[in-house]
Every structure is written in C-alpha cells, then in structure tokens.
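Colleague: Pasting a structure here, questions to come.
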Amino acid sequence: QVQLVESGGGLVQPGGSLRLSCAASLSIFSFNNMGWYRQAPGKQRELVARIPRGGSTNYADSVKGRFTISRDNAKNTVYLQMNSLKPEDTAVYYCNAMGVTSDYWGQGTQVTVSS
C-alpha cells in the first residue's frame, strides 16, 4: 500500500506564500502522474496542478502564474509552491499519485488564506 503524506499547510494572509510537500512511501517515478488537488467546503474536488513522469506540467487556470509544481525523484517528494495566495485558494489540498491501474491519495492538508 502506497502512503502519501502531505505537509506545509496552514494559515496565511492574502498575498502570502506556502509550500506544500507530498512524501511518498515508494518511488514516485513509478507513477505516470503526480498531482495536487483541492476541495473547498461545499465544492467538488478539483485539479490544481499535475506533473507527469515525463512531459510538461499543467495547471488549473485559476492558479496559473501563481503556483508551481515540482518533483524530486531522489526524495520521492512532490512540491507545490503557492505564491500570491487569495482567499479563494482556501481548501484542503490533496496529493495524488496515479499509475496505469492505481490511484492513491494523501490525507490532505488544510490551507486557509485569510486576514
């Protein structure tokens, strides 16, 4: 069973920054895609950013230019650098690892953007 452990969430003021980390219990290179999703209260879970094993990253339109996803295969860790945070970015953020026939989720980390 793969474990994904997110960290780095918290309370930040509008315009601030946070960096989320997702540490996997095995090699992230074995997955086709690593991604970050978020779910705000009363809303469906949505894709924030995805980084494939090879190829270019993609982002939700709402975070383009503000968020950056990256991966460190040696550390089996995926990061989400979030800058210029807005109140509407408030949500629980989940790490996802997707293989050909597998799909794993972390437990989530809360991000709250508020003054």
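Colleague: Is there any pair with a first residue in the stretch 95-110 that is farther than 14 Å from residue 27 by Cα and in contact (Cβ under 8 Å) with a residue 60 or more places away in the chain and a second that is surrounded by fewer than 16 Cβ atoms within 10 Å (Cβ to Cβ) and among the polar types (S, T, N, Q) whose Cβ atoms are under 7 Å apart and which are 6 or more apart or on different chains, and what are they?
Modeller: That search, which allows pairs on different chains as well, returns 100/32; 109/7.
Colleague: Any chance the stretch 34-50 includes a residue that's hydrophobic (A, V, I, L, M, F, W, C) and without any contact (Cβ under 8 Å) to a residue 40 or more places away in the chain?
Modeller: Within the stretch 34-50, one or more residues are hydrophobic (A, V, I, L, M, F, W, C) and without any contact (Cβ under 8 Å) to a residue 40 or more places away in the chain.
Colleague: Right, another one. Considering the stretch 55-78 alone, what residues qualify as being over 21 Å from residue 2 (Cα atoms) and of a type outside the set (Lys, Arg)?
Modeller: Of everything in the stretch 55-78, those that are over 21 Å from residue 2 (Cα atoms) and of a type outside the set (Lys, Arg) turn out to be 55, 56, 57, 58, 59, 60, 61, 62, 63, 65, 67, 68.
Colleague: Just checking, which of 21, 25 is under 23 Å from residue 1 (Cα atoms), without any contact (Cβ under 8 Å) to a residue 60 or more places away in the chain and in contact with a Gly (Cβ under 8 Å, 6 or more places away or on another chain)?
Modeller: 21
Colleague: In addition: Return yes or no: is residue 74 in contact with an Asp or Glu (Cβ under 9 Å, 6 or more places away or on another chain) and not basic (Lys, Arg)?
Modeller: The answer is no for residue 74.
Computed from the coordinates by the stated procedures, all read-outs in this text should not be read as laboratory data. Keep in mind it's a predicted model, so treat the numbers as computed, not measured. No Cβ is skipped: glycine too gets one built from the backbone with ideal geometry, and neighbour counts run over all protein chains shown.
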